[in-house]
C-alpha cells in the first residue's frame with residue numbers, strides 16, 4: 001500500500017530553504033486537506049469532470065495537454081503543481097506559477113462550435129480554480145474526515161493568494177462558490193470527450209498494479225462528488241457509488257490520512273518549518 005501514499009517527486013524540493021514559509025500556513029485547512037493522496041486522486045478527477053463540461057476549457061485541455069495519450073504523466077504534473085502551490089517555499093511556488101502562466105500564454109484556439117478561448121482568460125481560470133478547490137475539499141470532506149462549515153469557508157479563503165498569482169479570483173466561501181457555479185451552469189454541456197476521459201481514468205495504468213482494481217471505484221467516487229445538477233447536464237446520473245462502496249472508500253481515506261511518509265511533500269514541508277513529521281496527522285485511537 002505504500003505506493004499509494006508516496007506522492008513525493010524529485011523535481012521539487014519541499015525541505016528547503018529551511019524556515020521559508022509557504023503561500024499558506026502549516027495550521028491551515030489546506031495543509032491538512034492536501035496531504036491525503038487518496039482524496040487528491042478522487043478530487044482531481046472530480047475537478048476535471050467539471051472542467052470538461054465547459055466547452056472552451058475542454059477544447060484547450062484536450063488539444064494542448066497529454067491527458068488523452070499519457071494520463072499518468074499529466075496527472076503527476078498536475079498533482080506536483082498542487083503540492084508546490086500548497087507546500088513548497090513561497091519563492092519556489094511563485095516561480096513555478098509564473099512558469100505555468102507563461103506556458104498558458106501560448107495556449108489559445110477555438111472550440112468546434114467556433115468559440116474562442118485563451119488559457120489565461122480570467123473567466124476560464126476562475127472556473128478551473130473553483131472546480132479544483134471544490135474537488136479537493138469535497139473529496140477530503142466526504143471520504144476522509146468531515147469538515148465544519150467554518151473550516152470549509154476558511155479553506156476557500158486560504159486559496160485567494162495562490163489563485164491571484166495564477167490570474168484567477170478565488171471564491172472566499174462556500175456560498176461564493178455556489179454563486180460562481182450558478183453563473184456558469186448555462187455554459188456547461190455534455191460531451192463525448194468527458195466519457196472518453198472517464199474510460200481512460202478507469203483503465204489506464206495510473207495506480208500501482210496491486211491497487212489498480214480500485215481505479216474504477218475511485219472514478220465513481222469522483223463522479224459521486226460532482227454536484228447533482230452538473231451530473232444531469234453531462235449525463236452522469238446513476239454513475240456514482242452505492243452505500244457499501246462509499247463506506248469502503250471512506251475506510252481507505254481515513255486510513256491513508258494516518259500514514260506518515262517522509263517522501264510526502266506535506267511531511268517534508270513540516271520538516272522545513274521545523275515541525276514534527278506527524279504535525280498534520282492527528283488520528284483518533286478509536
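Here are some residues: 183, 157. Which one is over 18 Å from the mean Cα position of the chain (by Cα), part of a helix (DSSP H, G or I) and modelled with pLDDT of 95 or more? Exactly one of 183, 157 is over 18 Å from the mean Cα position of the chain (by Cα), part of a helix (DSSP H, G or I) and modelled with pLDDT of 95 or more, namely 183.
The lone criterion from (1) closer than 17 Å to residue 34 by Cα; (2) in contact with a helix residue (DSSP H, G or I) (Cβ under 9 Å, 6 or more places away or on another chain) left unmet by residue 160 is number (2).
For segment 102-131, which positions are in a helix (DSSP H, G or I) and either touching a helix residue (DSSP H, G or I) at 6+ places or on another chain (Cβ under 8 Å) or within 22 Å of residue 179 (Cα to Cα) (or both)? First the steps, then the outcome.
Looking only at segment 102-131, we keep the residues that are in a helix (DSSP H, G or I), and these are 102-104, 122-131.
Correct list: 122, 123, 124, 125, 126, 127, 128, 129, 130, 131.
I need the full set of residues from segment 145-154 which are in a loop (DSSP other than H, G, I, E, B) and touching a helix residue (DSSP H, G or I) at 6+ places or on another chain (Cβ under 8 Å), in order please.
At the first step, the residues of segment 145-154 found to be in a loop (DSSP other than H, G, I, E, B) are 145-148.
Hits for segment 145-154 are 145, 147.
Condition check for residue 204 on (1) within 17 Å of the chain's Cα centre (by Cα); (2) in contact (Cβ under 8 Å) with a residue 40 or more places away in the chain; (3) over 30 Å from residue 94 (Cβ atoms): one failure, at (1).
Scanning segment 91-101 for any residue that is outside any helix (DSSP H, G or I) and over 23 Å from residue 184 (Cβ atoms) turns up nothing. Filtering segment 207-238 to residues that are surrounded by fewer than 12 Cβ atoms within 10 Å (Cβ to Cβ) and within 18 Å of the chain's Cα centre (by Cα) leaves nothing. For residue 261, state whether it is in contact (Cβ under 8 Å) with a residue 60 or more places away in the chain, in a loop (DSSP other than H, G, I, E, B) and surrounded by fewer than 21 Cβ atoms within 10 Å (Cβ to Cβ). Criteria met by residue 261.
The number of residues in segment 239-258 that are under 30 Å from residue 184 (Cβ atoms) and either part of a loop (DSSP other than H, G, I, E, B) or over 20 Å from the mean Cα position of the chain (by Cα) (or both) comes to 5. Condition first: part of a helix (DSSP H, G or I), in contact with a helix residue (DSSP H, G or I) (Cβ under 9 Å, 6 or more places away or on another chain) and within 24 Å of residue 81 (Cα to Cα). Can you find one or more residues in segment 166-176 that meet it? So far as segment 166-176 goes, yes, one or more of its residues are part of a helix (DSSP H, G or I), in contact with a helix residue (DSSP H, G or I) (Cβ under 9 Å, 6 or more places away or on another chain) and within 24 Å of residue 81 (Cα to Cα). Screening residue 233 with (1) under 26 Å from residue 195 (Cβ atoms); (2) without any contact (Cβ under 8 Å) to a residue 24 or more places away in the chain; (3) not in a loop (DSSP other than H, G, I, E, B) gives one miss only, at (2). With the structure loaded, tell me whether residue 162 is free of Cβ contacts under 8 Å to residues at least 24 places away in the same chain and either part of a helix (DSSP H, G or I) or loosely packed, with under 14 Cβ neighbours inside 10 Å (or both) or whether it fails that test. No: the conditions fail for residue 162.
The values are calculated or read from the model by the stated rules, or taken from the named source; none is laboratory data. What you are looking at is a predicted structure, and each value in this text was computed from that prediction instead of being measured. Virtual Cβ from ideal backbone geometry, glycine too; neighbours counted across all protein chains shown.
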